[in-house]
């Protein structure tokens with residue numbers, strides 16, 4: 001499946017920014033049918049980074065969101081800068 005179909009957009013809420021700085025994580029809105037494995041592979045392919053863990057959940061608004069934890073050699077702030085969040 002196309003990684004750009006799975007990953008819809010990044011979120012930059014206050015909590016997401018705090019997690020980016022303290023836990024090296026980013027928050028993305030993803031396709032509702034995607035699995036954590038597909039999300040991980042898509043992020044790794046799109047940004048050429050190493051992903052350690054993906055936690056996903058469906059929020060009260062019906063959107064599926066994924067917390068993506070990056071390895072230490074790939075700071076989340078660098079990826080957020082590429083995305084134009086910072």
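Modelled this way, with points 7 Å down the Cα-to-C-beta line, the labels at residue 86 and residue 4 are 2.5 nm from one another.
The helix-only estimate of mean residue ellipticity at 222 nm for the chain, built from DSSP H runs of length n ≥ 4 each weighted as -39500 (n - 2.57), is -11000 deg cm²/dmol after division by the residue total.
Normalised by the number of residues in the chain, the average gap of Cα pairs under 8 Å and 6 or more apart makes the relative contact order 31 percent.
Compactness check for the chain: Cα Rg over 2.2 N^0.38 Å is 0.98.
Protection proxy ranking, highest mean first, for peptides 76-85, 14-23: 76-85, 14-23, where packing is the per-residue count of other beta-carbon atoms within 10 Å, averaged. The length gained by stretching the chain between residue 21 and residue 55 to full extension, at 0.36 nm per residue less their Cα-Cα distance, is 10.5 nm.
Counting neighbouring Cβ atoms within 10 Å and putting the fewest first, the residues 56, 71, 34 line up as 71, 56, 34.
Read-outs throughout are calculated quantities, based only on the coordinates presented, and are distinct from any laboratory measurement. Please read all numbers here as calculations on a predicted model, not as lab measurements. Every residue, glycine as well, gets a Cβ built from its backbone with ideal geometry; the counts of neighbours run over all protein chains shown.
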